[in-house]
Amino acid sequence: MPSTPSTPAAPARGPRATAADTVLTGARVRTLDPDRPWAEAVAVKDGRIAAVGGAADVRDWRGPGTEIIDLAGATLVPGLTDGHSHPVWGVEMATGLDLSTVRDLPELRDRLAAAARALPPGGWLTGWGLDHNVFGGRPVHRDLIEDALGGAPAFLRLYDGHSALVSGRALDAAGITGPRAFAQRASVVCDDGGRPTGHLVEHAAMDLVLPAMPRPSAADRRARLLALLTEMAAAGLTGAHVMDLEHADVPELLAGVEADGHLPVRLRIAPWCMPGIDTDGLDHLVALQRLAGRHWRIGGVKFFMDGTVEGGTAWLERPDCHGQGTDAFWPDPAAYTAAVHHLDRAGVRTATHAIGDAAVRHVLDTVELLPTGRPGARLRHRIEHIETVPDSQLPRFAHLGVAASMQPTHTHYTRADHTDAWSRRVGAERAGRAWRCRDLRDAGAVLVLGSDWPIAHHDPRQVLATARLRRPAGRPDVDPVTPGQALTGLMALEGMTSHAALAAGEEAEAGRIAPGYRADLTALAADPVTAPADEVATAPVRLTMTGGHVTHRAER
């Protein structure tokens, strides 16, 4: 392990914590604090960092009830934050078969047939994570799987989370017999005779089936959420920017968890704002911002400016190879702009899903039209995903103060040779400017990194590694996707710490290890900045702490 860079001796900063709750020592503390980049020990009291210093300072921080934790040479960094995740909604999305490892249609049919045989009478077959590439370029159609299901109703989410393949029995149960009209860009895909193919594109279309499906109980949702958050903490996560509020009872669910203990991961939740919303609806979203607990809060609002490339619903400046992709998710893009401006006047930050180049441009145009002369200046709004963007738009992020939120592990669904479904759909020129993480950082943008779980795995170590490798960790045989967009180790770490804090407006209390900041901390056996990226992806997590509470501790 590389040694800690030498720094001049300095006294511990901040008030002396003579009765600290916890002292972390024996660490290489990478603080991301420009005033003191390195330290050896940290004192924690009342959920905040009380002092940062050297090994000799520890004796001054101890009291009768202080717990001393020796990190045995681990690298301690600000708590890793997933900048885009769906942990609450995701426990319902990620139900049934995990199809993310299926690579072709025969394998899919075999998996479905085995699962169908195990179903109880009347049971539904559900699955998630299904890669569009499985269909080998053929249209997504229920005829490809129907005979493998044995007559069972099936609802299979594709990996993008914006589309699903459902069986004939499922369509019948939901009363879907033909095309439907929606207030947002969504469709029940039908054949030339008007018969549904089973391919449902975007949330409004998928939601037609959900009432006919069995739903988990409140107790089951709570248990699964706690299990997931505990698993996330064990991987080193201390926080997540949650990009949905799918059910109105989520605040009640989280409050109930905190009544009995602590959330293992700090959650910052942005409820959705959909086309057709009126002023009362927008004011309701503003009112929701008051809801908070100890380790969760409503913070911001999530929009969709488009859908996905594979579904043909990304908003592109030029059509995709099927002649699709020229429409915004909001049928009236000006209504989106008005909604963002309404929320901005109320002091609410927004995050907008924008994958295609036209969608990205429109969001930037919307922010550019915001007034800048009011007290407090412009809020930092953000754009999620940004899968393809031209050179002309890159400097606008920094100029307008818009944060770029990107998910490095999404590149796993594409191939360097552009033979995957995503690349074929947008064409070589746009695929060549895909996921421009490095270009955005070099242009001065705030760049927050995340997983988009359950679209990709939530493990932050994989996100950190893939941001540097542009290929799956541990797979040197796989060619990297647009390798020129690789981040440095420090840039990747900042994307899940200091830049995540900037994107949320929390830079005064999160994203660095300094007195007064939240005691959200992650200790890894390898330095995430200097260790080889493949090693970072599997580095043991020695300790995770959220709000001063140890949420994971490795066995010694």
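Could you check, for region 358-374, whether at least one of its residues is polar (S, T, N, Q), surrounded by fewer than 23 Cβ atoms within 10 Å (Cβ to Cβ) and modelled with pLDDT under 95? Don't jump to the end; show me each part of the working.
Let us first name the residues in region 358-374 that are polar (S, T, N, Q), namely 366, 372.
Filter once more, keeping what is surrounded by fewer than 23 Cβ atoms within 10 Å (Cβ to Cβ): 372.
So of that shortlist, the ones also modelled with pLDDT under 95 come out as 372.
Yes, region 358-374 contains at least one residue that is polar (S, T, N, Q), surrounded by fewer than 23 Cβ atoms within 10 Å (Cβ to Cβ) and modelled with pLDDT under 95.
Mind checking which residues of region 448-469 are in a helix (DSSP H, G or I) and either more than 23 Å from His162 (Cβ to Cβ) or of a type in the set (Val, Ile, Thr) (or both)?
To start, the set of residues in region 448-469 that are in a helix (DSSP H, G or I) comprises 460-469.
The answer is Pro460, Arg461, Val463, Leu464, Ala465, Thr466, Ala467, Arg468, Leu469.
Going by the structure shown, is Arg297 open to solvent by 20 Å² or more (accessible area, probe 1.4 Å), basic (Lys, Arg), out of contact with any Asp or Glu (no Cβ under 9 Å at 6 or more places or on another chain) and under 30 Å from Arg518 (Cβ atoms)?
Working: open to solvent by 20 Å² or more (accessible area, probe 1.4 Å): yes; basic (Lys, Arg): yes; out of contact with any Asp or Glu (no Cβ under 9 Å at 6 or more places or on another chain): yes; under 30 Å from Arg518 (Cβ atoms): yes.
Criteria met by Arg297.
Among the residues in region 242-255, are any of a type in the set (Val, Ile, Thr), free of Cβ contacts under 8 Å to residues at least 60 places away in the same chain and more than 21 Å from Leu158 (Cα to Cα)? Please lay out each step first, then the result.
Going through region 242-255, the residues of a type in the set (Val, Ile, Thr) turn out to be 242, 250.
Still in the list and also free of Cβ contacts under 8 Å to residues at least 60 places away in the same chain: none.
No, region 242-255 contains no residue that is of a type in the set (Val, Ile, Thr), free of Cβ contacts under 8 Å to residues at least 60 places away in the same chain and more than 21 Å from Leu158 (Cα to Cα).
Could you list, in sequence order, the residues of region 195-221 that are free of Cβ contacts under 8 Å to residues at least 24 places away in the same chain and closer than 23 Å to Asp147 by Cβ?
Arg195
Would you be able to tell me the number of residues in region 337-354 that are of a type in the set (Ser, Thr, Tyr) and either crowded, with 23+ Cβ neighbours inside 10 Å or assigned to a loop (DSSP other than H, G, I, E, B) (or both)?
Step one: filter region 337-354 for residues of a type in the set (Ser, Thr, Tyr), giving 337, 350, 352.
Of the ones still in play, those that are also either crowded, with 23+ Cβ neighbours inside 10 Å or assigned to a loop (DSSP other than H, G, I, E, B) (or both) are 350, 352.
Residues meeting the conditions: 2.
Would a scan of region 392-408 turn up a residue that is open to solvent by 10 Å² or more (accessible area, probe 1.4 Å) and aromatic (Phe, Trp, Tyr)?
no
Under 9 Å between Cβ atoms, which residue pairs at least 6 apart in sequence (or on different chains) link something in region 66-77 that is in contact (Cβ under 8 Å) with a residue 40 or more places away in the chain with a partner that is of a type in the set (Asp, Glu) and surrounded by fewer than 24 Cβ atoms within 10 Å (Cβ to Cβ)?
Going by the 9 Å Cβ cut-off, the qualifying pairs are Thr66/Asp21; Glu67/Asp21; Thr75/Asp527; Val77/Asp527.
Out of the residues in region 224-248 that are among the hydrophobic types (A, V, I, L, M, F, W, C) and open to solvent by 10 Å² or more (accessible area, probe 1.4 Å), state the one that is farthest from Asp82 (Cα to Cα). Steps first, please.
Going residue by residue through region 224-248, those that are among the hydrophobic types (A, V, I, L, M, F, W, C) are 225-229, 232-235, 237, 240, 242-243, 245, 248.
Now drop any that are not open to solvent by 10 Å² or more (accessible area, probe 1.4 Å), which leaves 226-228, 234, 245, 248.
On the way: Leu226: 17, Ala227: 17, Leu228: 14, Ala234: 14, Leu245: 17, Ala248: 23 Å.
My answer is Ala248.
Scan region 95-139 for residues that are exposed (fewer than 14 other Cβ atoms within 10 Å of the Cβ) and either over 29 Å from the mean Cα position of the chain (by Cα) or hydrophobic (A, V, I, L, M, F, W, C) (or both) and jot them down. First the steps, then the outcome.
Of the residues in region 95-139, the ones exposed (fewer than 14 other Cβ atoms within 10 Å of the Cβ) are 101, 103-104, 106-107, 110, 114, 117-118, 120-123, 136-139.
Once the filter is applied, which keeps residues that are exposed (fewer than 14 other Cβ atoms within 10 Å of the Cβ) and either over 29 Å from the mean Cα position of the chain (by Cα) or hydrophobic (A, V, I, L, M, F, W, C) (or both), region 95-139 yields Pro106, Asp110, Ala114, Arg117, Ala118, Pro120, Pro121, Gly122, Gly123, Arg138.
Just checking, which of Ala445, Ala416, Ala404 is part of a loop (DSSP other than H, G, I, E, B) and under 20 Å from the mean Cα position of the chain (by Cα)?
On the way: Ala416 fails: under 20 Å from the mean Cα position of the chain (by Cα); Ala404 fails: part of a loop (DSSP other than H, G, I, E, B).
Selected residue: Ala445, the only one of Ala445, Ala416, Ala404 that is part of a loop (DSSP other than H, G, I, E, B) and under 20 Å from the mean Cα position of the chain (by Cα).
Return the pair list, or none, for Cβ contacts closer than 9 Å from residues in region 30-50 that are without any contact (Cβ under 8 Å) to a residue 12 or more places away in the chain to residues that are open to solvent by 30 Å² or more (accessible area, probe 1.4 Å) and not hydrophobic (A, V, I, L, M, F, W, C), at least 6 apart or on different chains.
Qualifying pairs under 9 Å: Pro34/Arg512.
Rundown of residues vs (1) within 20 Å of the chain's Cα centre (by Cα); (2) farther than 28 Å from Arg382 by Cβ; (3) assigned to a loop (DSSP other than H, G, I, E, B); (4) without any contact (Cβ under 8 Å) to a residue 40 or more places away in the chain, yes/no style:
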| residue | (1), (2), (3), (4) |
| --- | --- |
| Ala503 | yes, no, no, no |
| Ala508 | no, no, yes, yes |
| Ala523 | no, yes, no, no |
| Ala539 | no, yes, yes, no |
| Thr544 | yes, no, no, no |
| Val550 | no, yes, no, no |
| Glu555 | no, yes, yes, yes |
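Limited to region 303-351, what total is found for residues that are among the basic types (Lys, Arg) and touching a residue at least 40 places away in the same chain (Cβ under 8 Å)? Can you show your working first?
Residues of region 303-351 that are among the basic types (Lys, Arg), as a first pass: 318, 345, 349.
Add one more test, that the residue is touching a residue at least 40 places away in the same chain (Cβ under 8 Å), and what stays is 349.
Selection size over region 303-351: 1.
Mind listing whichever residues of region 303-314 are more than 15 Å from Ser187 (Cβ to Cβ) and assigned to a loop (DSSP other than H, G, I, E, B)?
Selection gives Met305, Val309.
The values are calculated or read from the model by the stated rules, or taken from the named source; none is laboratory data. The structure presented is a predicted model; accordingly, all values stated were derived computationally and were not measured. Because the Cβ atoms are built from the backbone with ideal geometry, glycine has one as well, and the counts that use them run over all protein chains shown. In case anyone asks, the SASA skips ligands and DNA or RNA and just uses the protein heavy atoms, side chains included. Shrake-Rupley method; radii C 1.70, N 1.55, O 1.52, S 1.80 Å.
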